[in-house]
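Have a look at the structure below before the remarks.
The values are calculated or read from the model by the stated rules, or taken from the named source; none is laboratory data. This structure is a prediction, so every number in the text was calculated from the model and none was measured. For neighbour counting, all protein chains shown are included, and Cβ atoms are generated from backbone atoms with ideal geometry for every residue, glycine included. Just so you know, the surface numbers come from the protein's heavy atoms only, side chains and all, with ligands and any DNA or RNA stripped out. Shrake-Rupley method; radii C 1.70, N 1.55, O 1.52, S 1.80 Å.
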Amino acid sequence: MKPARFKTLQSRIFVFFFLLILATQLGSILITSTLGFSIVNKTLGEELETGKRVFIRLFDQNTAFLTQGARILASDYGFREAVSSNDAETIASALDNHGGRIKADLMLFVGLDGRVVSGSTTARQAIDASQLAWLSPREPQRNATALIERINGRLYQLITVPVTAPLPIGAIVAGFRIDAGLAKDIGKITNTDVSYVSKETDTGWAVHASTLSGAPLEALSQALDTDRITTDAITDVSTGSGVYLSLRTRLPSPGGQESVAVLQKSLDRSLAPFRDLRDKLLMLGALGLLVSGLSSLAIARSVTRPIKALAEFAQKIAQGDYSGKPVITGQNEIADLANAFDHMSTEIASREAHILDLAYRDTLTGLPNRAMFHDRLQQAIHTARRLGKPLTIMLIGLDRFKYVNDSLGHHIGDLLLKEVARRLQDALRRGADTVARLGGDEFAVLLPTDDMGSAHKVARSLLDALEKSMTLDDQIVDVRGSIGIASAPLHGEDITTLLRCADVAMHQAKRNSSGYAEYDARFDHNTLARLSLMSELREAVEHDHLTLFYQPKVDLKDSEAHSAEALVRWIHPERGFIPPNDFIPFAEQTGYIRAITTWVLNEGVRQCAEWARMGLEVNISINISARDLMNADLPDYFTGLLKQHGCDAQRICLEITESAILDDPGHALENLQRLDAIGCRLSIDDYGTGYSSLAYLKRLPVSELKIDRSFVQNMASDPNDVVIVRSTIDLAHNLGLHVVAEGVENEAILSQLCLLGCDQAQGYLFSRPVSAADFHAWVQAKTWKEQLRLARQA
Amino acid sequence: MKCSQKGFIMALLLHAMTGWSHTQAATLTLQVTSASGTGIEDAVVYLMPGKPPGRPVQTPTARIDQINKEFVPLVSVVQTGTRISFPNKDNIRHHVYSFSAAKKFEIKLYADTPSKPILFDTAGYVVMGCNIHDHMIAHLLVVDTPYFAKTDANGMLRIADVPPGDYSLIAWYYMRPDRNALVMPLSLKADMTQAISIRTRSSD
């Protein structure tokens, strides 16, 4: 895994600049060092060459000087006189004396035969006779000679000059010791280290005089022994104390001997200033690195600190805390960004407030909406539970609101809702109480501290507040409310339960027109048993626990024809008979009605075909729900069923409620036309409960109209209903529609229907819905004929 | 001139005294050549009799001039006991010296003719130089006999008035001063002419 510390901006900036400066510093130091070394090396080589030239010149001059001295000495009259004495002691003393004049370290007088006649005291001390053997073959030359020779382990420059008297009578040899003093003098002038070394054919090199000492001297000896120093080339000699560049020059030597002067320059000494410079650069570099490191750290910090602050600020915003303000000083881009953040934070805060308002408030009435009510209720439940106190909620539904909305328009409906909201708010004086609009005409009230008793009082005051007439856009509207009350912990301790209980209670209040009602479990059909309804219903469809019952539709004019409405029944294997109202609305809500319809259509068509084979011709009506009508596959499925069971399409009538058509008229119309094309008949069910006009129905391919039972049942007592039924029948007939009356429960209604010219009647008077077998029996009993006869007589 | 006259008379006397037993004196004419046959100038030849000759009665004299910073003549030969004067004909001074074993002397810076001639009383080779002018060299052979001569430019010499008898003929050349160039017996009866060749250099 990569180290996390290099991921941050701060460390990247720091590392980048640090490395950049490090590389620059190292580069400059490297270049300085390399350049310095090469310059020094070159300069040193040149200096060494110059030193060599100076040395050679110096050596020649020195030789000439010494020769000159020796010559002067050799021509001295007194000296020659002494030498001519042929007395060794006299000659020796003369050599001592005159040698002293030219500061010779040793003086010899050599006869014409080459034999040493005598020597100075120093010479005699330095040389024993045997060691002078090499001098024997020497012939005194007319001219002077100068050779570097090793005598008794010491190095001398021997100047030989002839002595004449006036013919040559011999030669004097003046020896000048080559010692450290000379090396030092020459070294000073040539500005090099000078070493005089020699070797004999069969011996190794020996250093006789040198400005060097210690390790460099030893290294020189080794280098000489390994022939590392050649005559012309500059050579490196490494020593314990650094490298010396070396150059040697040959000195005139007698046969069998080789003498050399080695000039050297210490590379390290010359490099010292550069080393010093490099050290200073290193120090400067380290200092620069430190300073630049710290400052890049500071810059990186100054960049990242505000970024961190902004990040923290952004996190706060994310957590919903808009109170802070990013503390960024200065005028730079970061400060601009901080200002932008601040501005953004303010904007988000205000927008969030607005969104919250939209989310929690009903825009029409300004009351809290369902979400806010849920929140408050949740909180209240929590508080109440903690305090062990009860709380109460109410659901308020407006009676006849739909009517107002439909008849007076949505504008008045909205004004009504606003007025209701205002009144409810006015009626609730306590701050803790909440009134909310849950949707449509449904309001809710939360009384967080009330028990059932005090809730009843509040309910009454709310109803009173709604009782007074409202004037909305110059229209006087009366509205009434129904209130359902539920209390925690009495009826439940969670929102869902409480709201459901309140809803049940409200519907109870509506049904009883009692104004308000407290939840009563007896009226609650939405018990836990219903929760498993869906799965049971599915099982019922799959295992044929459903069955069709048939209720006869008696033809009031042609008494021979047989018709029946197929009604689905659920015979539960454990719970027995389950009324359709307990599962059909549920199935319609959940959409499962389509599966049920599919089953019903199949069974109805099958039964119809079966009866037809038995010779019983029955027209069967089957109910189609709004959802079914939206199903584009329905016509094809239906056609398939007819074919499968061999049933005549004319025998099947599909009943559709008004409202089903009105939900989506366009779609409904298309499906209806396709069904009509198949050949089946179509009927409008529950006519009168909706608000459709007959003129609209005329455009539908329907052939039958069923008047809702609510109008038919009250015909005997309410003359208005008689008018409605009559006009409906007349209008339907005028449109060429067949009219069926439902809910015929007594003979009086039947006689009236006969009078009004209704085509068919259906109701308990004739028969309840019965099984297929019972229906068959009923047809054969023909009891309805007698009933019809009596009705016509009445 | 006076001196030479005296010498001549002395020689005559000497000749008269010694020549009694001899009828007449002989003359030796000699040519000295190198190995290649070239006549050698300034070669010295002298005849040593078997019995050492007596000293001349009168001291003979000779002269070596210094002219143009040269000794003239370059080579001289004298009998033992000869006095040689060193007249300085130059207008500068000379310092004539000799470290030779046969005669060590010096005449310190002088002009004209020094007052006292130098007596050469030991036979041998004397080389003289000038202490001021290193190149000035004069060679002198001092011999114990009156019969001597040096060759001319053609290598010719004549030794006259030699009593007949047996002699050692000795040749000497200044370029090889440390030994005799030739030693040979010579029986001189009458005038005779002879040719000899010698080595001229020490390396020869």
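Some notes on this structure:
- Residue match in segment B:99-120 (condition: among the charged types (D, E, K, R), assigned by TED's automatic domain parsing to the domain that holds B:Leu188 and over 20 Å from the mean Cα position of the chain (by Cα)): no
- Count of segment A:539-592 residues which are touching a residue at least 60 places away in the same chain (Cβ under 8 Å), of a type in the set (Gly, Ala, Ser) and open to solvent by less than 30 Å² (accessible area, probe 1.4 Å): 2
- Conditions (1) charged (D, E, K, R); (2) farther than 30 Å from A:Ala421 by Cα; (3) assigned to a helix (DSSP H, G or I); number of the one not met by A:Asp357: (2)
- Taking segment B:1-91 as the region of interest, the strands (runs of 3 or more DSSP E) fully inside it that hold 2 or more residues being modelled with pLDDT of 90 or more and either within 16 Å of the chain's Cα centre (by Cα) or over 30 Å from B:Tyr110 (Cα atoms) (or both) are B:26-33, B:43-49, B:61-63, B:70-72, B:75-79, B:82-85.
- Of the listed requirements (1) surrounded by 22 or more Cβ atoms within 10 Å (Cβ to Cβ); (2) under 19 Å from A:Ile684 (Cα atoms), A:Cys608 misses just one: (2).
- One residue from A:Arg480, A:Arg511 being assigned by TED's automatic domain parsing to the domain that holds A:Val420, over 21 Å from A:Ala427 (Cα atoms) and open to solvent by 20 Å² or more (accessible area, probe 1.4 Å): A:Arg511
Per-residue answers, yes or no, for (1) in contact (Cβ under 8 Å) with a residue 40 or more places away in the chain; (2) under 30 Å from A:Leu438 (Cβ atoms):
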residue	(1), (2)
A:Leu289	yes, no
A:Ser296	yes, no
A:Arg301	yes, no
A:Arg305	no, no
A:Pro326	no, no
A:Ala335	no, no
A:Asn339	no, no
A:Glu352	no, yes
A:Leu358	no, yes
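- Selection of segment A:593-603 for residues being over 24 Å from A:Gly763 (Cβ atoms), of a type outside the set (Val, Ile, Thr) and open to solvent by 20 Å² or more (accessible area, probe 1.4 Å) yields A:Arg594, A:Ala595, A:Trp599, A:Asn602.
- Selection within segment B:110-133 - farther than 14 Å from B:Gln79 by Cβ and either within 14 Å of chain A (Cβ to nearest Cβ) or aliphatic (A, V, I, L, M) (or both): B:Ala111, B:Ile118, B:Tyr125, B:Val127, B:Met128, B:Gly129, B:Cys130, B:Asn131, B:Ile132, B:His133
- Only residues that are part of a strand (DSSP E or B) and either at the interface with chain A (Cβ under 10 Å from one of its Cβ atoms) or open to solvent by 60 Å² or more (accessible area, probe 1.4 Å) (or both) were counted in segment B:134-147, giving 3.
- In segment A:325-360, residue least open to solvent (accessible area, probe 1.4 Å) [restricted to those that are touching a helix residue (DSSP H, G or I) at 6+ places or on another chain (Cβ under 7 Å) and farther than 21 Å from A:Ser302 by Cα]: A:Ser345
- Residues of segment A:99-117 that turn out to be away from every other protein chain (no Cβ under 14 Å) and buried (at least 24 other Cβ atoms within 10 Å of the Cβ), as a count: 6
- Options A:Thr728, A:Thr657: the member that is open to solvent by less than 70 Å² (accessible area, probe 1.4 Å), under 30 Å from A:Ile749 (Cα atoms) and in contact (Cβ under 8 Å) with a residue 40 or more places away in the chain: A:Thr728
- Against the numbered list (1) part of a loop (DSSP other than H, G, I, E, B); (2) open to solvent by less than 80 Å² (accessible area, probe 1.4 Å), B:Leu119 comes up short only at (1).
- Any strands (runs of 3 or more DSSP E) falling wholly within segment A:164-225 and containing at least 3 residues that are away from every other protein chain (no Cβ under 14 Å) and over 30 Å from A:Ala82 (Cβ atoms): A:193-200, A:206-210
- Residue within segment B:154-171 that is part of a loop (DSSP other than H, G, I, E, B), within 14 Å of chain A (Cβ to nearest Cβ) and surrounded by 15 or more Cβ atoms within 10 Å (Cβ to Cβ) present: no
- Enumeration of residues in segment A:251-297 that are closer than 18 Å to A:Lys42 by Cβ and touching a strand residue (DSSP E or B) at 6+ places or on another chain (Cβ under 6 Å): A:Leu263, A:Gln264, A:Lys265, A:Ser266, A:Leu267, A:Asp268
- On the stretch given as segment A:324-371, residues that are at pLDDT 80 or above and either closer than 26 Å to A:Gln425 by Cβ or of a type outside the set (A, V, I, L, M, F, W, C) (or both) total 29.
- Residue list for segment A:437-451, restricted to those being in contact with a Pro (Cβ under 8 Å, 6 or more places away or on another chain) and open to solvent by less than 20 Å² (accessible area, probe 1.4 Å): A:Asp450
- Across segment A:286-305, not a single residue is classified as farther than 20 Å from A:Val15 by Cα and touching a Lys or Arg at 6+ places or on another chain (Cβ under 9 Å).
- Extreme residue, farthest from the chain's Cα centre (by Cα), among residues of segment A:154-163 that are open to solvent by less than 10 Å² (accessible area, probe 1.4 Å) and within 14 Å of another protein chain (Cβ to nearest Cβ): A:Val163
- Test set (1) within 9 Å of chain A (Cβ to nearest Cβ); (2) in contact with a Gly (Cβ under 8 Å, 6 or more places away or on another chain); (3) buried (at least 20 other Cβ atoms within 10 Å of the Cβ) - B:Val96 fails condition number: (1)
- Count - residues of segment A:367-404 that are β-branched (Val, Ile, Thr) and not in a helix (DSSP H, G or I): 3
- Yes/no for A:Pro306 being part of a loop (DSSP other than H, G, I, E, B) and crowded, with 16+ Cβ neighbours inside 10 Å: no
Residue-by-condition table, conditions (1) in contact with a Gly (Cβ under 9 Å, 6 or more places away or on another chain); (2) touching a residue at least 60 places away in the same chain (Cβ under 8 Å):
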residue: B:Asp121; (1), (2): yes, no
residue: B:Asn131; (1), (2): no, no
residue: B:Gly155; (1), (2): yes, yes
residue: B:Pro164; (1), (2): no, yes
residue: B:Arg179; (1), (2): no, no
residue: B:Leu186; (1), (2): no, yes
residue: B:Ile196; (1), (2): no, yes
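- Applying the condition of being within 14 Å of chain B (Cβ to nearest Cβ) and of a type in the set (Phe, Trp, Tyr) to segment A:33-84 and asking which residue is farthest from B:Gly129 (Cα to Cα) yields A:Phe79.
- From the list B:Lys89, B:Lys104, the lone residue that is without any contact (Cβ under 8 Å) to a residue 40 or more places away in the chain, away from chain A (no Cβ under 14 Å) and basic (Lys, Arg) is B:Lys89.
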